[in-house]
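Quick note: the coordinates plus some simple rules give every number you see, no bench work behind them. Keep in mind the model is a prediction, meaning the values are calculated, not measured. All Cβ positions, even for glycine, are placed from backbone atoms using ideal geometry, and neighbour counts span all protein chains on display.
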Amino acid sequence: MTTNAWLQLALYLVVLIGLAKPLGSYMARVYEGEPHFLARWLAPVERLCYRWMGVKPQEEMDWKRYSAAVLLFSVVGFFFTYLLQRLQAVLPLNPAGMPGVEQKVAFNTAVSFVTNTNWQAYGGEATMSYLTQMAALTVQNFVSAATGMAVLIALIRGISRHESDQLGSFWADLVRGTLYILVPLSLILALALVSQGVVQTFAAYKTVPLVESLGPDTARVTTQVLPMGPAASQIAMKQLGTNGGGFFNVNSAHPFENATPFSNFLEVLAILMISAALCYTFGKMIRDTRQGWAILAAMTIVFVGLLIPCVLAENAHHPAYAALGIDQAPSPLQAGGNMEGKEVRFGITNSAEWAVATTSASNGSVNSMHDSFMPLGGVIPLWLMQLGEIIYGGVGSGLYGMLLFAIVTVFIAGLMVGRTPEYLGKKIEAYEMKMASLAILIPNLLVLFCTAIAVSTEAGRSGPLNTGAHGFSEVLYAFSSMSNNNGSAFAGLTATNWVYALIGGFAMWVSRFWIIIPTLAVAGSLGKKKLVPASAGTLETHTPLFVLLLVGTVLLVGALTHLPGLALGPIVEHLQLFAR
Amino acid sequence: MPHPKTRPLFYGPITRRAIRDSFVKLNPRHMLRNPVMFIVEVGSLLTTVLAVLAYAGRLNEPPGFILAVSIWLWLTVLFANFAEAMAEGRGKAQADSLRRGRQDVSAKKLLDPKDKLKFDVVPASSLRKNDVVVVQSGALIPGDGDVIEGVASVDESAITGESAPVIRESGGDRSAVTGGTKVLSDWIVVRITANPGESFLDRMIGLIEAAKRQKTPNEIALEILLAGLTIIFLVTTVTLSPFSYYAVASSKLGTPVTVTVLVALLVCLIPTTIGGLLSAIGIAGMDRMIQKNVIAMSGRAVEAAGDVDVLLLDKTGTITLGNRQAVAFLPAEGVSDAELADAAQLASLADETPEGRSIVVLAKEKYGLRERDIKQLGATFVPFSAQTRMSGVNLDGRQLRKGADDAVAAWLKGNGGELSAAVKRTVDEIARQGGTPLVVADRTRVLGTIHLKDIIKGGIKERFGELRQMGIRTVMITGDNPLTAAAIAAEAGVDDFLAQATPEAKLELIRKHQAGGRLVAMTGDGTNDAPALAQADVAVAMNSGTQAAKEAGNMVDLDSNPTKLLEIVETGKQMLITRGALTTFSIANDVAKYFAIIPAAFATTYPVLKALNIMGLATPQSAILSAVIFNALIIVFLVPLALRGVRYRPIGAARLLRNNLLVYGIGGIIIPFIGIKLIDIILVGLHLV
């Protein structure tokens, strides 16, 4: 790795962690209903939203009502997104004349965007009208993210309150998160991206002359169609809200979606920014910021611990080239290492960094093709998804997933200090263990079962373009992505048949909501408990020791569950590649 | 009777019975109680069927290997059953010895409770609640009851194991007697308080036998976690089969992984170590209480003991020795030390109270004054009376008295003397230090003051320091005035005290702590302790106490030693730590097992995976078998740990966690690498694979 690479990674981390406190404390103010500068301007809009929805923001809900509200809102969102896709041919803002989206793909896409997964079984510029992109997909980019954050805030309230079964109002949390956090941030980011050359237009696709014509003389191709559209506004949100669904098929590898190294920096920063800052919000809202920093530290340790090997693996010399005596050292004229599937304007380090960021968060946008990574470079994004999208993770969902892991960790560690385990003053008992186990279990089971179905059926086996271990990696990646609400694609997989579209859609739905419900159940149960005062016999959960234990638990559960699958995919690929 | 304290861990008869019980427990209905081990049993059955098929030539796999795996899986189940049976067996042995002590005795049932001379002789088993019996010297008490008349010394060794007899008398806090104990002298009239089969002894035997053992809340929470892990590993192994078929089909190499290997992998991965030992740990926790002569009414109480945040401790007997002792003579002006000591000793010669004895001893030790015989001196003893509240001697015209300052002042006044200001100051000073002042006077002349002091038990301050490190607050309960209480509290190093404690104040204090989310433990013996005992989370009743106190508590200390509360807390913690440590160990073990089994399972399809065989195990078969054997043997090796419990030291939570993580976490990762390799070497050396 070059010094330049190290500096870029360091800069990224410094900015990411540096933003956690200011952004995190702002978000805490928003959710606690405290005054802040945006409320002065936007409070009338907020009130208007409540009036339209017919809800009273001060009317709090217990965990069951909160879950019901989340589910209701998401089901309505699903039907809206599905119908818009199906009917886009007869609706306005369709300059390219796109037909209605095919049933299976429309179903898959609707689930995908409602669940904040943004797995794309379609190519955006060849499938979706401008209206669908804006009114169906971008709207879900906002509200599915705000839903995840609302669930997190409900869990935080459950932890910080005691002897109360009220978790706040989902409608208020949804409106505030969207209006005061997601809209302003995406506005700023969209403008910044436009300044770098990302397109934002209602104009129709443009036909332009090729710089260099190609093809045989009889059928010389001299022009190409450039897809256009209101991209910047959607891209800003898909990055910030850990959605990841690209405007164009190749996602942020496309120059109109991610134009320059600076736009790349902003976009990759936006992937993790809110999720990292929410850790501080958590600390602030439970009135012990050390706890928030501890969780952030655990996430950062895993992130850095996997980022560096990924970047190293991609920068390493390819054994096949090495055998031919080809010079692979980085120089001003070549990147060195593995450039296959990567954009020249980003290079290896920024591509690997994006791959790790997008899979540690449940973002799923890409600026390079993960399928073309070295086996060890590719196993890291794959495994990060299998860890459950909790290393920063999806906005809201990453932290609530991590907090459930913290509860499991506290349980084992608490026993080892000889007390009934407690986390942040709340006793962890059978009910919490049941719900936390359930939430951790579900995505893991989905990955394994869906992959098993895919490799056992003709339709599933027809998906991957490759055979052998790499083909298996492609299938495993697809279901790891969908079952953990990530949405990134390994590429090299045809994902439109029933196995991938329908079973995948099922996996996305189950994984999202059957984690949200246990999470809210835990919130409800913790909220009702008495606060146990801390003493010298209490296990402290902000210490380096606990952080390491949490990291160990996350990695151990991830490794023990997925090692056999990984062994048959990327690990075999690596060994075969280097055995030659 | 064989006392459990002296019994070795693997006591012959218990071990033999446990081995037999291990097979009885194979009954699937019993196994279902423990989902982890049930899965192992199903796996054992499955591999046995496969082995039979293989020997019959219906399966194209090496039958010897399948049989070996099958045998070791059965052994895994048996080892786990053995652990549970051992823990139960130790309890049963204790119950048997108690039952042996209970002979069917005859009882003298009074026809009229007021007339102890008219009685029918009936078998004890026919006695009902509220029957009244008379028990004379040498007879066994026929059932639990309260003494309503008389006083007797009773041998309670059948229950407590203590040979020293205890006094039981009507009224007060020493009126409860237990069936099966023996009256050694005198007689008592007892009102029976329990029907046959409901007596204290019956319930104790029932508890010890663990027949009605219920899972504790924490145990249930842990089982949920273990079940979750088991489900994950079950799906991991089940899906490995289609993965393997796909790998074989697409790489066109080797054969898919066999069911035997998948079962072996599954059993190695699921947390069998903790799953197999979990119930043994719980039973052994109660058993350890019994070895400390404490009967816990439920496992839940033992568990709660580990969680206690506040200990309410009675001053007398727990923090201080039962009696106050003289520590200094403080003469009045114009009186020499020796003169005061001499007068004080004379005044106390006939005083047989421990305080009086301590004055005589102090005078002897400090001033070399030999003890004198009061009769030889021709002195007349003036005993303590409620009116004068003084005692002393009349000798050679001297009237020596000692007593509380106000009593002596009144007496002096009557004789025309008075308490000097200096003596008054001394008296106040002693009271302020938490001592008890006794003023010594001779008719009109004040001689000085004796300083009586509560003696704090040796080492108790350090003990409280340890408790503080464990995060447990100690509160001293005393009837003393706040001034005295504060002084003793400071000297003993307790965190807080409740002075002039009444039963109501005690109850109030417990409720206050509980409202703050704390768990409270206390000991008590008197009937007036019963409400507080019922309210406390961990309530240890003294066996010497009243029946009401025993009913209200959730533990009974047979030794009636209030200091034991500290050991009870430690035992509770130890049980939780043992569970946590073995869970960590069990999960950490899986890392090595993957490295053994994964390369072996896919050896034919992807030979490159042998790079993961970092232990260098000889063949795929030896690798799988070694992992299975290690997995089974580790249960046996950990049985002593499960029964004895992980060693507990009173250090802060952070250090405790770090130490246990090092030993059971890091150790849990490393040990199986060594163990599996060793077993592999042995298997290869014996040409078994």
For chain B, longest principal axis from Cα atoms; helix B:503-515 axis from its Cα atoms; angle between them, nearest 10 degrees, is 30
Suppose R0 equals 41 Å. What FRET efficiency, 1/(1 + (r/R0)^6) with r the Cβ-Cβ distance, do residue B:61 and residue B:214 give to the nearest 0.05?
0.40
Can you compute the helix-only [θ] at 222 nm over chain A? Use -39500 (n - 2.57) per DSSP H run of at least 4 residues, normalise by all residues, nearest 500 deg cm²/dmol.
-20000 deg cm²/dmol
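Where does the charge balance sit around residue A:470 when Lys and Arg score +1, Asp and Glu -1, over other residues with C-beta under 14 Å from its C-beta? Let's see the in-between values first.
Details: positive: A:461; negative: A:340, A:371, A:474, A:573.
That works out to -3.
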Nearby lysines by direct alpha-carbon distance to residue B:457 (threshold 30 angstrom, same-chain neighbours under 8 apart not counted)
B:5, B:292, B:315, B:364, B:366, B:402, B:424, B:506, B:512, B:550, B:564, B:573
Can you tell me the relative contact order of region A:196-309? Whole percent, Cα pairs under 8 Å, sequence separation 6 or more.
21
Taking Cα centroids, how far is region A:234-306 from region A:413-438 in Å?
30
Relative contact order, percent, of chain B when contacts are C-alpha pairs under 8 Å separated by at least 6 residues?
14
If you average the sequence gap of Cα pairs under 8 Å that are 6 or more apart and divide by the length of chain A, what percent do you get for the contact order?
19
Let me know the shape class of region A:516-580, please: from the alpha-carbon gyration tensor, a ≥ b ≥ c as square roots of the eigenvalues, rounded when a/c is under 1.5, otherwise prolate if a/b is greater than b/c, or oblate.
oblate
Expected unfolding gain across residue B:184-residue B:120 under the 0.36 nm per residue rule, minus the alpha-carbon gap, is 20.9 nm
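Looking at the square roots a ≥ b ≥ c of the eigenvalues of the Cα gyration tensor of region A:39-103, which shape do they give, rounded for a/c under 1.5, prolate if a/b is larger than b/c, or oblate? Before the final figure, lay out each step's value.
Working: a/c = 4.43, a/b = 1.72, b/c = 2.57.
It is oblate, given that a/c is not under 1.5 and a/b is not larger than b/c.
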Scan around residue B:107 for amide H atoms under 5 Å from its own, H built in the peptide plane at 1.01 Å from N, and keep only partners 5 or more places away or cross-chain.
B:122, B:124
Rounded to the nearest 10 degrees, the helix B:12-24 long axis (Cα) sits at an angle to the longest Cα principal axis of chain B of 50
Helix A:103-114 sits at what angle to the longest principal axis of chain A, using alpha carbons and giving 0 to 90 degrees rounded to 10?
50
Evaluate the distance, in nm, between pseudo-label points positioned 7 Å from the Cα of residue A:221 and of residue B:461 along their respective Cα→Cβ axes.
9.2
Taking the Cα centre of chain A as origin, work out the dipole magnitude from +1 charges on Lys and Arg Cβ and -1 charges on Asp and Glu Cβ, in debye rounded to 20.
1400
If the chain between residue A:530 and residue A:459 were fully stretched, how many nm would it gain, using 0.36 nm times the residue separation less the Cα-Cα distance?
20.2 nm
Semi-axes of the equivalent ellipsoid for region B:294-362, please: Cα gyration tensor eigenvalues, times 5, square-rooted, ordered largest first, whole Å.
45, 14, 6
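Treat every Asp and Glu Cβ in chain B as -1 and every Lys and Arg Cβ as +1, leave all other atoms uncharged, and give the resulting dipole magnitude about the Cα centre to the nearest 20 debye. Don't jump to the answer; show the numbers that get you there.
Numbers: 73 positive and 66 negative charges, 345 e Å.
Dipole size: approximately 1660 debye.
First select every other residue whose beta carbon is under 14 angstrom from the beta carbon of residue B:405; then total the charges, Lys and Arg +1, Asp and Glu -1. Kindly include the intermediate steps, with their values, before the conclusion.
Details: positive: B:389, B:401, B:402, B:413, B:424, B:425, B:432; negative: B:406, B:418, B:428, B:429.
So the environment of residue B:405 carries a net charge of +3.
Please work out whether region B:427-518 counts as rounded, prolate or oblate from its C-alpha gyration tensor, where a ≥ b ≥ c are the square roots of the eigenvalues and a/c under 1.5 means rounded, while otherwise a/b larger than b/c means prolate and anything else oblate? The partial results should precede the final answer.
Details: a/c = 4.22, a/b = 1.96, b/c = 2.16.
Oblate shape, in that a/c is at least 1.5 and b/c is the bigger or equal ratio.
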Region A:507-561 and region B:543-592 have their Cα centres apart by a whole-number Å value of 27
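Listing B:229, A:556 from the residue with the fewest other Cβ atoms within 10 Å to the one with the most, what is the order?
On the way: B:229 26, A:556 16.
Starting with the residue having the fewest Cβ neighbours, the order is A:556, B:229.
Taking neighbour counts of Cβ atoms within 10 Å as a proxy for exposure, in what order, fewest first, do B:635, B:666 appear? Walk me through the numbers before you get to the answer.
Numbers: B:635 27, B:666 12.
Starting with the residue having the fewest Cβ neighbours, the order is B:666, B:635.
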Cα-centred dipole magnitude for the protein assembly as shown, charges only on beta-carbon of K, R (+1) and D, E (-1), debye, nearest 20
860
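Working out 0.36 nm times the residue gap between residue A:213 and residue A:345, then minus their Cα-Cα distance, what length gain in nm do you get to one decimal? Before the final figure, lay out each step's value.
Working: separation 132, 0.36 × 132 = 47.52 nm, distance 2.30 nm.
Working it through step by step, the gained length comes to 45.2 nm.
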Please find the FRET efficiency linking residue B:431 to residue A:39, where r is the Cβ-Cβ separation and R0 is fixed at 56 Å, and quote it to the nearest 0.05.
0.30
